[in-house]
1. In the range 60-83, what residues are surrounded by fewer than 10 Cβ atoms within 10 Å (Cβ to Cβ) and either more than 26 Å from the chain's Cα centre (by Cα) or on the phi > 0 side of the Ramachandran plot (or both)?
2. Restricting attention to the range 1-49, and to residues there that are farther than 30 Å from Arg82 by Cβ, open to solvent by 50 Å² or more (accessible area, probe 1.4 Å) and not hydrophobic (A, V, I, L, M, F, W, C), which single residue is modelled with the highest pLDDT?
Amino acid sequence: MWAADMMGWGWSGGWGWFGMIHMLLWWLLIVAGIGVLLKWLIGGRSGSADTTHRRALEILAERYARGEIDKAEFEDKKRDLRS
């Protein structure tokens with residue numbers, strides 16, 4: 001008999017298979033959490049910049065539709081936003 005089994009630390013004592021599954025799920029949760037954190041840190045910035053750019057184009061189109069700016073100014077500002 002193994003020393004760990006004798007002390008109740010092995011798979012046959014204590015939690016058994018439930019303990020092994022619990023440990024596996026715990027590590028999967030940790031790895032998934034690290035992945036979400038990395039995606040938020042790295043991928044979050046590009047998504048927000050894209051949303052801001054899209055919103056700027058929408059505001060520009062609204063100003064053109066209301067007649068606040070003419071077509072030449074609209075095209076000029078749209079070109080500036082894309083570069």
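1. At the first step, the residues of the range 60-83 found to be surrounded by fewer than 10 Cβ atoms within 10 Å (Cβ to Cβ) are 66-67, 71-72, 79, 82-83.
Hits for the range 60-83 are Arg66, Gly67, Lys71, Ala72, Arg79, Ser83.
2. As a first pass, look at the range 1-49 and keep what is farther than 30 Å from Arg82 by Cβ: 1-37.
Still in the list and also open to solvent by 50 Å² or more (accessible area, probe 1.4 Å): 1-3, 6-7, 9, 11-12, 14-15, 17-18, 20-32, 34, 36-37.
Of the ones still in play, those that are also not hydrophobic (A, V, I, L, M, F, W, C) are 12, 14, 22.
Values: Ser12: 54, Gly14: 61, His22: 89.
Selected residue: His22.
The values are calculated or read from the model by the stated rules, or taken from the named source; none is laboratory data. Remember, predicted model here, so these are calculated numbers, not experimental data. Note that we place each Cβ from the backbone using ideal geometry, even for glycine, and neighbour counts take in every protein chain shown. The protein model used for the area step is the full one, side chains on, heavy atoms only, and it has no ligands, DNA or RNA in it. Shrake-Rupley method; radii C 1.70, N 1.55, O 1.52, S 1.80 Å.
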